1. Does a label point 7 Å from the Cα of residue 608, set along Cα-to-beta-carbon, have any residues of segment 484-524 with amide nitrogen under 15 Å, and which are they?
2. Using 10 Å bins from zero, what percent of all Cα-Cα pairs in segment 720-763 falls into each bin?
3. Principal axis extents for segment 612-713, Cα atoms only, whole Å, descending order, please.
4. Rounded to the nearest 0.05, what FRET efficiency is calculated for residue 287 and residue 122 with R0 set to 45 Å and r the Cβ-Cβ distance?
5. I need the P(r) histogram for segment 633-682: all alpha carbon pairs, bin width 10 Å from 0 out to the longest distance, whole percents.
6. Any chance you could run the full-extension gain for residue 635 through residue 487? It's 0.36 nm times the residue separation minus the Cα-Cα distance, nm to one decimal.
7. For 369, 581, which order do you get if you count the other beta carbons within 10 Å of each Cβ and list the fewest first?
8. Take 176, 776 and order them by how many other Cβ atoms sit within 10 Å, fewest up front.
Ligand code: ADP
Ligand code: ZN
Ligand code: ZN
């Protein structure tokens, strides 16, 4: 590189707890292009640390002696320069070190994924075979270098950690080899399949055998029906087994082209070839698109909230908006909650946009994820679908960002770098002049609030496709259900008889309970205390499978025959129901039903999950029971009954969003019923039938819930009428934690200006002990964003002084989703 005196500095975000980027000089003998988005190895406090080039400024902060970076780790950027501003904004908003932000954003396992390629030079070919150092000559890599002329980056990774590295570097200095850094993709190969198409021109008068003509006809038929030129050979031979021979001879005559093509399969293993574009859109879908498409054309930031009841066809709106964005030469980013939902939406997008789609979700191996990432950086994919972290996908300037089920709390990352992907979606679109669509049947109160102030544009889909009715809902008051021996039954007579009827009719049912395990907890009969986790202030949950008591927070497990941790008594009674017990009871009540359970215990892997969903789709399951996992956006046309076993589970939690969440959860489960041709019905069992969340979910009354919630929150100045920051103070020793919390609170009061922001606490967190750590918190409530951040900067500056030599950890959670 010619040493450009102007651009000779590097702004680097180091992956260390440092809030600002640092300035470095390039390596002395740098031959490589240095671009934003590349990783570098830099000196910092006597250590070698990975950093990310953010820019190449033409001046440096004065009065500092600048150091050279050691090494450039990538030959091409891992993210586009356009993204740097986004990262900087994130770091300052979430009060998190920028290098750590970028580290979290990039696909995991990158370090092992980049390697060095060693290639022999002409001079090396002459000199290297004459070497006599036996230590080297014996090695496999040396033979490979001589025979193949190179050492692959997979191999150099291990050499680089040994003394042999020095030898390679000397050889490079001698000009015998070249060493270059390169990204090594995962080993996963894309699936390909033999596909056939008719040649552009062929002489149709040519004499063809009957079998050949028949093969051509079938090829044409499938091609027309699926609107694709190339058709998998498998599809043709399935319809006409004789086609195998026919295709061979037709290929020899150049009438048929045969090619290996990449194929995508849906999560159920079916090949996605047919695109399922509906013939006409509904009036409401059209109306929504009439607002969205012009905004896409204008290329100015426009945020939409798409409020569409369950089964109203939101997906089709997403698909058509995406198609339009692509026509405009822009890219699209689609976020879905976790892997759960990824399945069906992903399939629709792949069916429509084929190989233009890149997938980023936790169902992929790290190699596959990395490959997908590279496809995006290299602009080989212009539609990206993924879960939360896909918000960081390396698209230069996405024209459209879609957040499906925007109310879902899994968009919030709840440890380490705590960000909210939905909020970042809006921000990212605003930076790139894009359109953002937040879609939900039950929007978060905050997002809906923004439509009333004009910040977001509201789009409504009030009706289900084909005017299908929303299900009828019956609420069963469990307090008035007759009990046997004083204990309330798990299933009310109403739910049982409905499940029975549905079974007889051959229709499917869903049964929902938001608690896994067998029993909620074990109570000691002698001292009436629940058995608690050794490491957390949490009751242990009984799991019959494996006969153990399990902590759902830290995973701690003991045998179910353990003694009371308080009085050592061994007479323990299980209390409360979980999905495991539900399955047990249901099997006894309905012995003929085919029952499947979907929760984190039965679905550890994405494949388990898909297997169960597939069985439901195929009608092999009569009753699917489970936790939240069964609520997430599935479209099961034959499900006509939904039972909610206990609707109150979340209502008692000390969290101002408890009512909103309960409403959303019940509405979402309810929305799984009657999505096909037959109408659906729902039975909600509860001990609090009068609670507004339950009542309004019963009446499909989003507006009612919204009004009620906003009134409550306004009076208490909770979001959206303020912003909350939760400062968490944690440590093994309670006295240190308490002391630090007290000092922090004193500082906070000093930094207040005219009682802004409001400071609540310090107080023990609702979960006061987790994973052996005592937890305190300080809640900061601010009405003015800027003042709040100025306050936080000052507080942040003092945090290091309170850590008691690392014994206390203080972290800042901006816009916390859970208050626990
Ligand atoms: P939502 O996400 O709003 O709950 P979906 O997008 O899953 O609803 O749509 C429900 C069903 O309606 C899907 O099977 C979809 O294929 C179908 N659908 C969507 N739009 C149309 C349309 N315009 N005409 C016919 N069917 C449609
Ligand atoms: Zn006891
Ligand atoms: Zn625990």
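1. Counting backbone N atoms under 15 Å from the label point, the list is 516-518.
2. Once binned at 10 Å, the Cα pair distances of segment 720-763 give 25, 50, 22, 4.
3. 45, 25, 21
4. 0.05
5. 27, 43, 23, 8, 0
6. 49.7 nm
7. So the ranking, lowest neighbour count to highest, is 581, 369.
8. 176, 776
Bear in mind these aren't lab numbers, they're just calculated from the coordinates by the rules spelled out. Everything numeric here is computed off the predicted structure, so don't read it as measured data. All Cβ positions, glycine included, derive from the backbone under ideal geometry; neighbour counts span all protein chains shown.
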